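Presented below is the structure to which this report refers.
Values in this text are rule-based calculations from the coordinates and carry no lab data. As the structure is a prediction and not an experimental result, all values here were calculated from the model. Neighbour counts are summed over all protein chains in view; Cβ atoms, including those assigned to glycine, are modelled from backbone coordinates with ideal geometry.
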Amino acid sequence: MTIKLALIGAGRIAKVHARAIAGSADAELAAVSDALPAAAEALARASGARAADVDAIAADQSIDAVLICTPT
């Protein structure tokens, strides 16, 4: 079973998590969201995911978990 994940945030820690997800045979990065759409699009493109807003991620029933990677 592959777990579908989404990231909220596309900064430094989100990139670390995206690499970890990519290295797992049991996980897939499905979507990335960020306050800066260009940052979300860049990370999504680099990791084979799609850029989406938070509402779209929350509504997507295929996503199993969300990692919150926003600044403090």
Original post:
Are there any pairs, at least 6 apart or on different chains, whose C-beta atoms fall under 8 Å, with the first in the range 35-58 and touching a residue at least 60 places away in the same chain (Cβ under 8 Å) and the second surrounded by fewer than 16 Cβ atoms within 10 Å (Cβ to Cβ), and if so, which?
Top reply: none
Subject >> Top-ranked residue in the range 28-49 [being part of a strand (DSSP E or B) and in contact with an Asp or Glu (Cβ under 9 Å, 6 or more places away or on another chain); ranked as farthest from Ile8 (Cα to Cα)] >> reply: Ala30
**OP:** Go through the range 1-18 and give me each residue that's surrounded by fewer than 13 Cβ atoms within 10 Å (Cβ to Cβ) and more than 18 Å from Arg50 (Cβ to Cβ).
**Re:** Met1, Arg12, Val16
